[in-house]
Each structure stands twice: as structure tokens, then as C-alpha cells.
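What follows is a set of notes on a single structure, which appears directly below.
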Amino acid sequence: MFPRDATFREQVEKFRLVWHCEDCVCFDPESERCAHGFPLAKHRAATDHDPKAPVAFCKEHEIA
């Protein structure tokens, strides 16, 4: 795990990192479900405000 500090935020911008469900083509915003049935709780954009929350990259993003 790594902190969501200023360095992390800079790298998010620089490398265009994405990990939120809302960024993924497998996420259906109407049903708020993942097409693969992956759990969403740690991956939603709404959790990104908590600096102590771990960053959890989705398996689908690792595959793509």
C-alpha cells in the first residue's frame, strides 16, 4: 500500500492512472454493477476522497 499524497496525485495525472469503476467499460452506471461481477466497494470514485483508503486497482484494468 502507498499513501495518496501529493506525489501520488502527480503520478495519477502524469501517467493517467485509472482505477475507478466509473472509468471502466465493464461498469454499468445504470445498474451500478461490474459486467464481470467484481466487487465495487474499493474501486468507486466516491471512495477517492479518503487519503487513508488503499488504492485498489481492478483486475480488469490489469488485463487490458
Here are some conditions: (1) at pLDDT below 85; (2) of a type in the set (F, W, Y); (3) within 10 Å of C58 (Cβ to Cβ). F38 meets all but one. Which one does it not meet? (1)
Within region 19-61, which residues are more than 15 Å from R9 (Cα to Cα), acidic (D, E) and either assigned to a loop (DSSP other than H, G, I, E, B) or touching a Ser or Thr at 6+ places or on another chain (Cβ under 8 Å) (or both)? E30, E32
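The values are calculated or read from the model by the stated rules, or taken from the named source; none is laboratory data. Here the structure is a predicted model, which is why all the values come from computation and not from measurement. Cβ sites come from the backbone with ideal geometry, for glycine too, and all protein chains shown count toward neighbours.
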